Structures are given as structure tokens and as C-alpha cells.
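One structure is given here, and the rest of the page talks about it.
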Amino acid sequence: MSSLARKLQEQQSQQRQQVVQPERRKALRHQVTPGEKLIWAIFAALLFFGAVQIVSAQSEIYTVNKDIQEMKAFVKEQEKANGDLKIQVKELSNYDRIMAKARELGLMLNENNVKVVQ
């Protein structure tokens, strides 16, 4: 039995040695080459340039849209003013008003001097 125990003990110690000494791989360090650095730098610069272009384009679009809205508001105000002036012209060009103003200024209607033109 002692030899059996001895063999078992040797096997266990061999297994421990195998477990204790796992294969150690050398940690590979991946170093970035200058070419890769250049490529990444160019990529970052292009990305930054594109972002700046997008922001500036959106800013320009916002400004143009703001100008359009202001112009539309101005056009509406002008159309309202024009409509009010048309109503005023109709009121002031009434026949009775013109005759009253003419009499006030001393003018008389002489039907003999009126000629009908067709």
C-alpha cells in the first residue's frame, strides 16, 4: 500500500507542477507606426473639417430662413397697407365727395361744357 500511496503522491505533485507552470506567452505590444499615426491624424483632421462644414452650413441655413421669415412678415404688412390705401382711394374718389369739394372751392358744374367721349 505504501508504494500505491507513494505513486499517488508523485502523480499529484506532478499535476501540481504542471498546473503551477502554465505556458506564459509574451505580451505582445502593438506599437503604432508613424504611418498609422499619420493616417489617424489625417482622418481626425478630415472628420473635424467635415463637422465644421456641417455646422457652418446649418448656421447659414438658419440665417437665410430667418431672413425669409422677416421678408414674409414685411410683405404681409405691406399688403395690408396697400389694401388700406385702396379702400381710402375708393372712399376719396366718391362722386358726391368730389362734387362737395368742388363746390367748396367755388367750382360749378356747367352741363353745357360737358362733352361725352366714347
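When the stretch 88-98 is filtered for residues that are surrounded by 10 or more Cβ atoms within 10 Å (Cβ to Cβ) and either of a type in the set (A, V, I, L, M, F, W, C) or in contact with a Cys (Cβ under 8 Å, 6 or more places away or on another chain) (or both), the ones remaining, listed by number, are 92, 98.
Any residue at all in the stretch 50-70 that is β-branched (Val, Ile, Thr) and at pLDDT below 95? Within the stretch 50-70 (the criterion being β-branched (Val, Ile, Thr) and at pLDDT below 95), the answer is no, since none of the residues qualifies. Taking every residue in the stretch 82-104 that is without any contact (Cβ under 8 Å) to a residue 60 or more places away in the chain and of a type outside the set (Ser, Thr, Tyr) and pairing it with any residue that is exposed (fewer than 10 other Cβ atoms within 10 Å of the Cβ) and in a helix (DSSP H, G or I), at least 6 positions away or on another chain, the pairs with Cβ-Cβ distances below 9 Å are 97/91. Residues in the stretch 103-118 that are at pLDDT 85 or above, assigned to a helix (DSSP H, G or I) and exposed (fewer than 10 other Cβ atoms within 10 Å of the Cβ): 104 alone.
The values are calculated or read from the model by the stated rules, or taken from the named source; none is laboratory data. Just so you know, these numbers come straight off a predicted model, no measurement behind them. Neighbour counts are summed over all protein chains in view; Cβ atoms, including those assigned to glycine, are modelled from backbone coordinates with ideal geometry.
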